[in-house]
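Enquirer: This is the structure I have questions about; it appears just below.
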Amino acid sequence: MTDAPQKAFDLASQLPDDAQDELAAAILEELEAEAAFDRRLAETAPERKRLAEQALKEHRAGRTRPLDPEAL
């Protein structure tokens, strides 16, 4: 473990028990959300690759134009 999380855990250990539990629950929830995002990203990799290849094909064929953010 690096110094930063160790310092955070040391400080958190000084909190009342209920605050420690709330903090732990928030950390676990965030870690699960990150894991779920990573899983979903991996699941959609083939589709994203296909879409990227399609976009490049259309660009190379001259069927695209520069994006003008002011026109959005």
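The values are calculated or read from the model by the stated rules, or taken from the named source; none is laboratory data. Since the structure is predicted, the reported quantities are computational estimates derived from the model, not experimental observations. So basically every Cβ, Gly included, is an ideal-geometry build from the backbone, and we count neighbours across all protein chains shown. Remember, those area values only see protein heavy atoms, side chains included, never the ligands or the DNA or RNA. Shrake-Rupley method; radii C 1.70, N 1.55, O 1.52, S 1.80 Å.
Enquirer: Per residue, how much accessible surface does the chain expose to a 1.4 Å probe? Answer in Å², no decimals.
Expert: That works out to 93 Å² per residue.
Enquirer: I need the phi-derived Karplus couplings for segment 49-57: 6.51 cos²θ - 1.76 cosθ + 1.60, θ = phi - 60°, integer Hz, Gly and Pro marked x.
Expert: Per-residue couplings from phi come out as 5, 4, 5, 5, 5, 5, 5, 5, 4 Hz.
Enquirer: Among Leu28, Leu15, Leu41, whose mean-square fluctuation peaks in a Gaussian network model of the chain (Cα, cutoff 10 Å)?
Expert: Of the options given, Leu15 has the highest mean-square fluctuation.
Enquirer: Same structure, new question: Across 5 Å bins from the origin, how do the percents of Cα pairs in the chain run, short distances first?
Expert: For the chain, the binned pair fractions read 3, 12, 10, 12, 10, 9, 9, 8, 8, 9, 6, 3, 1 percent.
Enquirer: Here's a follow-up. Along the Cα-to-Cβ line of Leu41, 7 Å from the Cα, sits a label point; which residues in segment 1-19 have backbone N less than 16 Å from it?
Expert: Hits in segment 1-19 for Leu41 at 16 Å: none.
Enquirer: Related question: Once neighbouring chains are kept in place and the probe is 1.4 Å, which whole percent of the accessible area of the chain is contributed by carbon and sulfur?
Expert: Within the chain, the accessible surface is 58 percent carbon and sulfur.
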